[in-house]
Structures are given as C-alpha cells and as structure tokens.
Amino acid sequence: MWSATWEGRLATMITVENLTKRYGSFSAVDDISFEVRPGSVVGFLGPNGAGKSTAMRMMTGLTPATSGRATVLGKAYRDLHNPGRQVGVMLDASAQHPGRTGREVLRLAAIQIGVPRSRVDEALALVGLTDEEAGRRVRNYSLGMRQRLGLASALLGQPEVLILDEPANGLDPQGIHWMRGLLRGFADGGGTVLLSSHLLHEVQVIADDLVMIGRGRIVARGTKDELLSRGGTTVRSSDDRGLRAALDRAGVTVTQTPAGLVVDAESGVVGRVALDERIVLLELRSGGSEGLEEMFLSLTASTSREGTAA
Ligand SMILES: Nc1ncnc2c1ncn2[C@@H]1O[C@H](COP(=O)(O)OP(=O)(O)OP(=O)(O)O)[C@@H](O)[C@H]1O
C-alpha cells in the first residue's frame, strides 16, 4: 500500500512489496521489499545476475511479477496516466533504433509522450550531446553516448521519478562524475532516483539510501550513513554453521564472507545468540564500512553465473 502525508503528497515514490520473479524453479527475484522516499537517490546494488534488472523490469511493467507488487507514484506502472511524463526509465541503453539519429530518437519519443519539440534540444543539452553528435546515427554511437541518449530519453518528459539500470555503464571517469552531478541536481530539485549498479563505490558517492541484493534477495538496506557506520558485525566462531543457523532463527540477516560471518546486527546481539548456543567466539568486530564492503565482495564472489544457475 502506498501512503500519503497529511498534505496529500506521496510519502514514498516507489514501493516494492514482496516482489518475486521465478523462472521455473529458479528465483531471479525472491520476495524483495523496499521503499524510495521523495527527493532521494537510492542505489540498487548487487553483483552481476543478482536480479536488479529483473526487479526494475517488474517495476516498470515490462515483466510480470510471479507474486508481490511494485508501485510508482502510488500506482502500478501500467496504470499511470502518462508514464513517459511521470517516470523516466532507462533499462537498456543499447535498445535504441540503430538506424535513427539521436535527435530523431528523441523527437519520436517527444511525440509519443506529448512534449513540445523544443524539449528535445533541452534534453540533449542536459546530457551534453552536441548538435553534431545528435545528428549521427545511433549505430555509430559509443557506449557512453548511448548512455547519454538513454538519459536524455528518460529526462525528456520532465518526470518526477527516474528508474535507471546501470546508467554509469560505459562512461569514462569524467562522464561518471558528470552523471553524478546531474542525478544529484535532479534529486535536490525534488526528483527521485532509483539507480542500479554492480559497483559499491560508484553509488556510494551519490546515493542517500542503499538496497543491496544478492541471488535475488535483499541482504542489506538502509540509509547510506547508517549502513556505512554500522557496517554489520563480523564474527568468527568455533561453529560458524551452528551460529549462522541460530542467527537465522533469530531473524537476523547473515552473510558468509571469507573474513567470517557478516551479521546485520550489533555485536551484543551476536554475542548473546552465541552464548545461548554455547558457541565460542574467536573474533567479534563491529562498525566501519568494511562490513558492507566485505558483504558486497563476498556476494560478488559467490554470485558467479555458474553459482546462480545452481
Ligand atoms: N527470461 C529469463 N529466463 C530465465 N532466467 C532469467 C531470465 N531473465 C533473467 N534471468 C536470470 O535471472 C537472474 C537475474 O538476472 P538480472 O538480469 O536481473 O540480474 P542483474 O542483477 O541485473 O545482473 P547484471 O548486473 O549482470 O545486469 C540471472 O541469473 C539471469 O540469468
């Protein structure tokens, strides 16, 4: 359910509830829930194959969910009145028609969503594509130029919400810096951004909140400051398997990393569970961004393509 503040404004711009996508017995997205606050930039983080694109495709009505639901601006995407002017979407920048020029792509999109032609030049200027570049056919675009054109399409209708799948892909360091500025400016002006990435540091700089996903499930979620300062508790024990099972039973998220178990709870909670189970702790560390980094690296290591097929 979406909720409204007393002023009638939406309290959350995107709401994802128990969203699940199964292909046969394989769960690409497994019961994920999170909310995106107005005016925030949310980094949707996960290694290759974690389920980010599938989740975003469900949010934008391109793939039906097996169960659960997602709403944008309080409605299922397909029920939005004019989605192109309410939600800017960039899921696959390479999907643009290769035979059209960048300007043609945007002009057609402008007609489709009902914005004036003048908006095309504004969008091109926003993403830094020159007149000469806008006149080239998309098949001759570099990956970075395609990303810029994809962003221009997403921004064309002056939407309130942006949903962007790996927008930094193919951009050089200067391009990434530019994109961060653009998205930060969009959010500071009241817009809301959900962007995915497989690079922690890339989104760490720009995001207000982070949702971390691995093998289709959310493994960490919260404000960036909270996650980075908390960073979980890293623990090694005489019986990691038994401790993990006990923490699972206590409803705490646990991730196995090469450095030990990273637990999404304070060290005191971990110590108490270990004591109850009579498990000897060999190491118990809390705080710092290492926990988040370790969790992310271990997800990256364990979520290889072979791993996800298992
Ligand atoms: N149509 C499909 N049929 C079967 N499996 C699929 C289908 N689409 C996606 N998958 C699988 O679902 C999992 C999640 O894929 P998804 O593309 O959502 O991951 P991702 O996090 O976006 O990865 P990347 O960073 O590589 O883009 C993968 O294992 C993928 O192979």
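For the range 136-155, the tally of residues that are surrounded by fewer than 21 Cβ atoms within 10 Å (Cβ to Cβ), in a loop (DSSP other than H, G, I, E, B) and modelled with pLDDT under 95 stands at 1. Just one of the listed residues (K21, K75) is within 16 Å of the ligand (Cβ to nearest atom) and either outside the structural domain of D131 (by TED's automatic domain parsing) or among the charged types (D, E, K, R) (or both), and it is K21. Within the range 24-34, being more than 9 Å from the ligand (Cβ to nearest atom) and surrounded by fewer than 19 Cβ atoms within 10 Å (Cβ to Cβ) holds for S25, D31, S33.
Determine if the range 98-120 includes at least one residue that is in the same structural domain as A187 (by TED's automatic domain parsing) and touching a residue at least 60 places away in the same chain (Cβ under 8 Å).
Let us first name the residues in the range 98-120 that are in the same structural domain as A187 (by TED's automatic domain parsing), namely 98-120.
Applying the additional criterion that residues be touching a residue at least 60 places away in the same chain (Cβ under 8 Å) yields none.
There is no residue in the range 98-120 that is in the same structural domain as A187 (by TED's automatic domain parsing) and touching a residue at least 60 places away in the same chain (Cβ under 8 Å).
The C-beta contact set for the range 220-233 (first residue at pLDDT below 75, second residue of a type in the set (A, V, I, L, M, F, W, C) and part of a helix (DSSP H, G or I), distance under 9 angstrom, 6+ apart or interchain) comprises L228/L292; R230/L292; G231/L292; G231/M295; G232/L292; G232/M295.
Scanning the range 203-236 for residues that are of a type in the set (G, A, S), closer than 18 Å to R285 by Cα and surrounded by fewer than 20 Cβ atoms within 10 Å (Cβ to Cβ) yields a single hit, S229. Tallying residues that are in contact with a Ser or Thr (Cβ under 7 Å, 6 or more places away or on another chain) and either part of a strand (DSSP E or B) or of a type in the set (A, V, I, L, M) (or both) within the range 165-195 yields 3.
Would you please name the residue that is modelled with the lowest pLDDT, looking only at residues in the range 1-17 that are surrounded by 13 or more Cβ atoms within 10 Å (Cβ to Cβ) and out of contact with any Leu (no Cβ under 9 Å at 6 or more places or on another chain)? Lay out the reasoning, then the answer.
Our first condition is that a residue be surrounded by 13 or more Cβ atoms within 10 Å (Cβ to Cβ); within the range 1-17, this holds for 2, 10-17.
Among the residues that remain, those that are also out of contact with any Leu (no Cβ under 9 Å at 6 or more places or on another chain) are: 11-12, 15-17.
Working: A11: 83, T12: 90, T15: 96, V16: 97, E17: 97.
The qualifying residue modelled with the lowest pLDDT is A11.
Do we have any residue at all in the range 38-46 that's in contact with a His (Cβ under 8 Å, 6 or more places away or on another chain), in a loop (DSSP other than H, G, I, E, B), modelled with pLDDT under 95 and within 11 Å of the ligand (Cβ to nearest atom)? Yes, the range 38-46 contains a residue that is in contact with a His (Cβ under 8 Å, 6 or more places away or on another chain), in a loop (DSSP other than H, G, I, E, B), modelled with pLDDT under 95 and within 11 Å of the ligand (Cβ to nearest atom).
Among the residues of the range 64-71, is any under 13 Å from the mean Cα position of the chain (by Cα), surrounded by 17 or more Cβ atoms within 10 Å (Cβ to Cβ) and at pLDDT 95 or above? Scanning the range 64-71, I find no residue that is under 13 Å from the mean Cα position of the chain (by Cα), surrounded by 17 or more Cβ atoms within 10 Å (Cβ to Cβ) and at pLDDT 95 or above, so the answer is no.
Would you mind stating whether V89 is closer than 22 Å to V120 by Cα, outside any helix (DSSP H, G or I) and within 16 Å of the ligand (Cβ to nearest atom)? Spelling it out, V89 is indeed closer than 22 Å to V120 by Cα, outside any helix (DSSP H, G or I) and within 16 Å of the ligand (Cβ to nearest atom).
The values are calculated or read from the model by the stated rules, or taken from the named source; none is laboratory data. Just so we're clear, the structure is a prediction, and the values are computed from it rather than from any experiment. All Cβ positions, glycine included, derive from the backbone under ideal geometry; neighbour counts span all protein chains shown.
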